[in-house]
Amino acid sequence: MANQTQINRLQGMFPEQPDRTEPHAAWQGARRLGAHVMELGELQARLLVADTKAASRRLMWFAILAIIGGVVLLGAVPVALHALGLYFAEAFDWPEAAGLALAAAIAAVTGGILLAVAVTVVRAGIAKFNRSASEFRQNLEMVKDVISRSP
């Protein structure tokens, strides 16, 4: 009863609005659509953040290992290649230039293989974002469908 009295007093403070069912319903539908679109946007942003965190954690360790490995390799490569070239020249009785050229060719092939592995790892990390893109496409199609069906 006390609550009813309070409601009655509030109703007296505001004049009654004329009955506008059709335009009012259209605005309510638009408001609901806007609320749903905003909620989908928020969920999409959350999914993107979650995917970014998962991918960055995984890629960070590979990046750190790649940098450390690269530094060590860069320091050892010239000495090892020169030694390998001298070995080839002495073992096969070749000129020193031929031995060094073979060592350089072996290094180029090895570097290409390592680069291919690194590209594969990076692509696997980027593939984590496919889920976000797929969800975004589905949500966008749903919004387009709702808009196209609204009167």
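The values are calculated or read from the model by the stated rules, or taken from the named source; none is laboratory data. Everything numeric in this text was worked out from a predicted model, so none of it was measured. We place every Cβ from the backbone using ideal geometry, glycine too, and count neighbours over all the protein chains shown. We work out accessible area using only protein heavy atoms, side chains counted, and drop any ligands, DNA or RNA first. Shrake-Rupley method; radii C 1.70, N 1.55, O 1.52, S 1.80 Å.
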For Glu90, state whether it is within 22 Å of the chain's Cα centre (by Cα) and of a type in the set (Asp, Glu). no
Report, by residue number, each residue of region 113-151 that is open to solvent by less than 60 Å² (accessible area, probe 1.4 Å), β-branched (Val, Ile, Thr) and closer than 23 Å to Glu39 by Cβ. Val143, Val146
Can you pull out the residues in region 72-93 that are open to solvent by 100 Å² or more (accessible area, probe 1.4 Å) and among the β-branched types (Val, Ile, Thr)? Val79
Of the residues in region 94-112, those that are part of a loop (DSSP other than H, G, I, E, B) and open to solvent by less than 50 Å² (accessible area, probe 1.4 Å) come to none
